[in-house]
Amino acid sequence: MVQAMAAAGESLVVLDDLSSGDAGRLEQLPGVPLVVGTVRDRALVDRVLGEHAVQGVVHVAGKKAVAESVADPLRYFAENVEGLVSLLESCRSAGVGRIVFSSSAAVYGAPDTDPVTEDVPCRPLSPYGQTKLVSEWVLRDCATAHGLAATSLRYFNVAGAVQPRLGDTGAANLVPMVFAALDAGRAPVVFGDDHATPDGTGVRDYVHVSDVAAAHLAAARALTAGSPGGTYNVGTGTGCSVRDVLRVVAEVTGADTTPEVAGRRPGDPASVVAAVGRIERELGFRARFDLHDMVSSAWTAWRLLQPR
Ligand code: WQD
């Protein structure tokens, strides 16, 4: 995200508590100062906004693991909701009137429409999804009360790597979980092959992290140009099943990805695919990369970053 915005000529300062980040990833961006700290530190955020004459904020600092949020909801509401509220209090004090917020398709829960438009009723199934929906409400109310220009971007299933050294080092989602199984000499696991989908496995809208970064840049520039903001799905509009992903992983890695079929995961919707008309019409954004691009970039990063 930072790299894409810096490359586009945006002047940036990064605030990161490094709880999951890596300061080394900013080394290649000498003109981008890093301040280590949390958005929940009101005095620190006040200082950063003032010292760097911040005009707008892109807020991607939040916790995003669904299972972890179920086990520790208070931590998720503290980090994701209290963190946003504290950030917005600082923005209001500093006169910063523009924000792009990292939301998620998790706000939809298990939608019964396909594809999912932004107007579908939101019924999140996890504390993580709930924190994202509540955060959107906070932004909407600040827009009404204080004229905040706010855009919420609802990421669908993010995959891939902008560069190998910037790859995802966790294994909390399908693609890295398949890689981890292959590295361990195990068969990948399919959570249910009896879903109401063409091949019975879960269908998702996988979107390249490079496209997600580009969507943030488009959203930030629209706010700078005077847009009041809005809520947008960030996806490709194309659904891919778990078996589609396993097929592409086999093509990219040459490995045998014949899976072990387990039961469905509780709460797993059969299909969640983005309707992408609004972001195309209003922000001029369209995803450029396909599943093969995501899997091949993720695999290159995985081999570089995983301890051997
Ligand atoms: C994808 C599909 C699984 C692993 C979550 C969050 C969402 C977003 C993305 C942040 C499902 C299946 C998975 C495996 C499998 N995160 N699967 N075997 O659950 O769609 O979404 O992450 O914004 O908000 O809710 O992602 O990658 O866990 O699963 O069969 O080993 O792959 O059942 O159909 P999910 P996922």
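Each reported figure results from applying straightforward, stated rules to the coordinates on display, with no laboratory input. Remember, it's a predicted structure, so these values are computed and weren't measured experimentally. As a convention, Cβ positions derive from the backbone with ideal geometry for all residues, glycine included, and neighbour counts pool all protein chains shown.
Observations on the structure shown:
- Here the calculated FRET efficiency for S93 and E282, from their Cβ-Cβ distance with R0 = 41 Å, stands at 0.85, rounded to the nearest 0.05.
- Since only S296, H52, A187 are under comparison, the one whose Cα sits farthest along the positive direction of the charge dipole of the chain, derived from C-beta charges on Lys, Arg, Asp and Glu, is H52.
- Cα-based shape type of region 157-308, given that a ≥ b ≥ c are square roots of the gyration tensor eigenvalues and the cut on a/c is 1.5: oblate
- Under 17 Å from the V35 label point (7 Å along Cα→beta-carbon), backbone N, region 102-145: none
- Order by protection proxy (mean Cβ within 10 Å, highest first), peptides 253-260, 216-223, 81-88: 216-223, 81-88, 253-260
- Relative packing of 24-35, 268-279, which averages over residues the other C-beta atoms within 10 Å, highest first: 268-279, 24-35
- Largest to smallest principal axis extent of the C-alpha atoms in region 82-128, angstrom: 42, 20, 13
- Eigenvalues of the alpha-carbon gyration tensor of the chain, scaled by 5 and square-rooted, set the equivalent ellipsoid semi-axes at 32, 22, 18 angstrom, largest first.
- Between the listed residues T238, A255, F285, the Cα displaced farthest toward the positive end of the dipole of region 221-308, a dipole computed from Cβ unit charges relative to the Cα centre, is found at F285.
- The value for region 68-149 of Rg(Cα) / (2.2 N^0.38 Å) is 1.18.
- Bridges between two residues of the chain, per DSSP, are antiparallel at a rate of about 5%.
- With K and R counted +1 and D and E -1, the other residues having a Cβ less than 13 Å from that of R264 yield a net charge of -2.
- Among 154-163, 285-294, the order from most to least packed when residues are scored by Cβ within 10 Å on average: 154-163, 285-294
- If the chain linking A110 and R47 were pulled fully straight, counting 0.36 nm for each residue of separation and taking away their Cα-Cα distance, it would gain 18.6 nm.
- Assigned charges on the beta-carbon of Lys, Arg, Asp, Glu; region 177-229 dipole about Cα centre (debye): 300 debye
- Note on R140 and R247: with the Förster distance fixed at 45 Å, the Cβ-Cβ geometry gives a FRET efficiency of about 0.65.
- 37 °C / 0.692 mPa s Stokes-Einstein diffusion coefficient of region 1-159, Kirkwood radius on C-alpha pairs, µm²/s: 198 µm²/s
- Estimated Rh, region 105-178: Kirkwood, alpha-carbon pairs, angstrom: 14.5 Å
- Compared with the dominant Cα axis of the chain, that is its longest principal axis, helix 83-94 is turned about 30°.
- Working note: Karplus 6.51/-1.76/1.60 with θ = phi - 60° gives region 177-185 the couplings 5, 5, 4, 5, 5, 4, 4, 8, x Hz, where Gly and Pro are set to x.
- Region 177-259: C-alpha gyration tensor shape, a/c 1.5 cut-off, then a/b vs b/c: prolate
- Using 0.36 nm per residue and subtracting the Cα-Cα separation, the extra length available between R25 and R75 on full extension is 15.4 nm.
- Put the Cα centre of region 216-240 next to the Cα centre of region 86-153 and the gap is 13 Å.
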